[in-house]
Amino acid sequence: MENRKKQKFMLEKHKDIARIDQETKRTHGWYVRVRFQGKTHSKFFSDRKCGGRYSSLLSAISWRDTTEKKLGKIRTNKHLVTVSNSGTGVVGVRLNEKFNRYEVSWVTTIGKQGKTSVSIRKHGKENAFIKACKIRQEKERTRLGV
């Protein structure tokens, strides 16, 4: 890779990878943090140990990709939510008892918020939940192009 292309590549954003340059501690390198299913896996790639700024970035990218594959995380540069904050335990699916429905939310391919709901009264609680989960999975597949 010619020098200009290398510089451009290093200036690009690389998901889950951050540049650290701390003169006071003589720390220079790339910090990788992979979050999946509530756990964080991280590693620092020193410029000195890896043979330079570009080499350490390539090592960081390789480690990130290998770690994601080993964990079963989908490799994408798009943001993925893997931990549910709702009581259902499913990301993007929540129970709204007030309106007696499951609400489904997702991010569209153009980055907008998408929402729909599935009636418990119409489908029954178990079937409504299954239907809501299927909708969420389909919307995620569409967004990620899988």
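The values are calculated or read from the model by the stated rules, or taken from the named source; none is laboratory data. Here the structure is a predicted model, which means the values were calculated and not measured. Every residue, glycine among them, receives a Cβ derived from its backbone with ideal geometry; neighbour counts consider all protein chains shown.
Overview of values
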item: Sole exception among (1) of a type in the set (A, V, I, L, M); (2) in the same structural domain as Y31 (by TED's automatic domain parsing); (3) part of a loop (DSSP other than H, G, I, E, B) for I61, by number; result: (3)
item: Strands (runs of 3 or more DSSP E) wholly inside segment 1-47 containing at least 1 residues that are modelled with pLDDT of 95 or more and surrounded by 11 or more Cβ atoms within 10 Å (Cβ to Cβ); result: 27-36, 39-46
item: Condition check for R4: basic (K, R), in contact with a strand residue (DSSP E or B) (Cβ under 9 Å, 6 or more places away or on another chain) and more than 20 Å from K139 (Cα to Cα); result: no
item: Cβ pairs under 6 Å, 6+ apart, first in segment 106-130 and free of Cβ contacts under 8 Å to residues at least 60 places away in the same chain and of a type in the set (S, T, N, Q), second surrounded by 12 or more Cβ atoms within 10 Å (Cβ to Cβ) and part of a helix (DSSP H, G or I); result: T109/R143
item: Test set (1) surrounded by 16 or more Cβ atoms within 10 Å (Cβ to Cβ); (2) among the charged types (D, E, K, R); (3) at pLDDT 90 or above - K73 fails condition number; result: (3)
item: Subset of segment 28-71 (residues that are touching a residue at least 12 places away in the same chain (Cβ under 8 Å) and of a type in the set (S, T, N, Q)); result: Q37, S46, S56, S59, T67
